[in-house]
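Take a look at the structure set out below.
The values are calculated or read from the model by the stated rules, or taken from the named source; none is laboratory data. Bear in mind the structure is a predicted one, so any value in this text is a computation, not a measurement. Using ideal geometry, Cβ is built from the backbone for each residue, glycine included, and neighbour counts are taken over all protein chains shown. Accessible surface areas use protein heavy atoms only, side chains included; no ligands, DNA or RNA. Shrake-Rupley method; radii C 1.70, N 1.55, O 1.52, S 1.80 Å.
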Amino acid sequence: MEKTPGRRSMRPLRMTKTLTSGNPAKLIFLFTIPLLIGNLFQQFYNMADTLIVGRTLGVEALAAVGCTGGLMFFILGFVIGFTAGLSIITAQRFGAGRKRAVRRSFAVCILLSAAATVLLTAVSVVFARPVLELLQTPPEILDAAHSYIIIIFWGIGAAMLFNLLSNVIRALGDSRTPLYFLVLACVLNIVLDLALILRFGMGPAGAAVATVTSQLVSGLLCTIYVFRKFPMLRLTRTDWNMSRRYLWAHIRLALPMGFQASIIAIGAILVQFALNRLGAQAVAAFSAAQKIDMVATLPMMSFGITMATYVAQNYGARNPLRIRQGVLQCSLMSVGFSIAIAVVNIIWGPELIRLFVGTGEREVVRLAQTYLNINASMYWVLALLFVFRYTLQGLGQSIVPTFAGVMELGMRAFAAIILARYLGFAGASMASPAAWIGSCVPLAIAYFFTRKRLAQSMKQPFPPYCGEERESIRQAA
């Protein structure tokens, strides 16, 4: 039976990259770089569908793929948030130097992810077309939109597999390996897009098949890597012996993080509803600009994801000072990046937009640039939002981030219902900045109150739920 370490005897387990010692700023930056490159390839991976469809099949096909964005993010956003929440417990146990607890956490992650995959696939496949109709998707693009999204939803298992294993690998300190698999998947996706759309004439459905196939390949490669390179994750029969309280320890973080993404997606769906009423040109402009916007915000998101692992490991190692240092230094770096990227989008936005729609769609370019100007001016708020949100999640908090997600939904709904009605496309474009402000305020307040209590809470020798772990270990022995 593995001993549970006391406070003084805790040592980090061997891993690719420890975040519990060394200069915080340097560690955060170096850990973020592979994440950023990986996220860039993830966006190129998704953007390939929009880019190839828009340039080869025309504006209507581009609108068909683009109008599914909110609905797709509603489901796949939950997958991303849910798997990230599961891995928080894994990272905390890893930072505490507790090998047995890491294996048991991994077993819980697998079990809960499998259950979520079955449920999400069943619900999304059944309701995909009714929801598209409810959103008043333009009739001329409805069939193409449904053919695209239904294949994406049948591939939820591939998305769950890759995101779960990527998050677990990062929880153990390795942010590079998921990047390698993403690069391969991105290249494969582009090749399949060109083959299925141009060679076999499958249209938007071919883009969806390419996306799911590429994601499945990357997930399978992660599976092979995990079981070959991380002996601590080779599960035994006793690792599957888990109490309801230990399951709840993971669910209480995973579900709120998944729901946060879905809540945000509901707001995106409301905005999509408003856009559909403005016509295919508005949908196409929003789709193209949103792809550029997503790439532009990746550095801020990558810094935030790094903070989840950094904070969780240092929380497990009981080091509040490093957490505070890391938050400050990461905030400065992320805000600096956000200002530089905002300048690029505002100055060179039209050239970037023409990559998606060509040179003849002047109205689409004009509308898309309006979107970029409005959003880029508030990137610095988004940078702070990501840092505070992921810091709180790394500490195991779920209530305030969930409330912040509700605030984000409310602000997006306001933009979709009120601003879009009176200001048209510009009002719909204000949805994201309004949501960022509404979400960042409660997160910032919660962090500053949490910072004052952090040192006192870490005087305890074990992270939360260790009592359940010790009891479960005794029972298994």
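Output ³J(HN,Hα) for the stretch 202-215: one whole-Hz value per residue in order, computed from phi by the Karplus curve 6.51 cos²θ - 1.76 cosθ + 1.60 with θ = phi - 60°, and x for Gly and Pro.
Running phi through 6.51 cos²θ - 1.76 cosθ + 1.60 with θ = phi - 60° gives 7, x, x, 4, x, 5, 5, 4, 4, 5, 5, 4, 5, 5 Hz.
As a check on your grasp of the helix formula, calculate [θ] at 222 nm for the chain: sum -39500 (n - 2.57) over DSSP H runs of n ≥ 4, divide by the residue count, round to the nearest 500.
-27500 deg cm²/dmol
So what's the gap between the Cα centers of the stretch 312-328 and the stretch 65-108, to the nearest angstrom?
Here the answer is 20 Å between Cα centres.
At a 1.4 Å probe, what is the % contribution of carbon and sulfur to the accessible area of the stretch 392-439?
77
Keeping all protein chains in place, calculate the accessible area per residue for the chain (probe 1.4 angstrom), answer in Å².
41
What is the distance in Å between the Cα centroid of the stretch 179-251 and that of the stretch 393-415?
The distance from the Cα centre of the stretch 179-251 to that of the stretch 393-415 comes to 28 Å.
Quick one: angle between helix 139-154 and the longest Cα principal axis of the chain, in degrees between 0 and 90, rounded to 10, please.
20
Mind ranking ILE266, ILE353 by accessible surface for me, highest first, 1.4 Å probe?
Of ILE266, ILE353, the descending order of accessible area is ILE266, ILE353.
By average Cβ neighbour count within 10 Å, what is the ranking of 165-176, 123-134 from highest down?
165-176, 123-134
Say the dipole of the stretch 210-335 comes from +1 at the beta carbon of Lys and Arg and -1 at that of Asp and Glu; which of ALA317, GLN329, PRO256 then lies farthest toward its positive end?
ALA317
If you put +1 on each Lys and Arg Cβ and -1 on each Asp and Glu Cβ, how big is the dipole of the stretch 183-314 around its Cα centre, in Debye rounded to 20?
Roughly 500 debye, rounded to the nearest 20.
Sort SER21, SER87 from largest to smallest accessible area, using a 1.4 Å probe on the heavy atoms of the protein chains.
Result, largest first: SER21, SER87.
Quick one: angle between helix 298-316 and the longest Cα principal axis of the chain, in degrees between 0 and 90, rounded to 10, please.
Approximately 10 degrees, to the nearest ten.
Could you work out what % of the accessible surface of the stretch 80-237 is carbon and sulfur, using a 1.4 angstrom probe and leaving DNA, RNA and ligands out of the count?
70
For the chain, what number of Lys pairs, 8 or more residues apart or on separate chains, have alpha-carbon atoms under 23 Å from each other?
Pairs that pass both the separation and distance tests number 7.
Any idea what angle helix 399-414 forms with the longest principal axis of the chain, computed on alpha-carbon atoms, 0 to 90 degrees, nearest 10?
10
Any idea what the dipole of the chain comes to, in debye rounded to 20, about its Cα centre with Lys/Arg Cβ at +1 and Asp/Glu Cβ at -1?
About 2720 debye.
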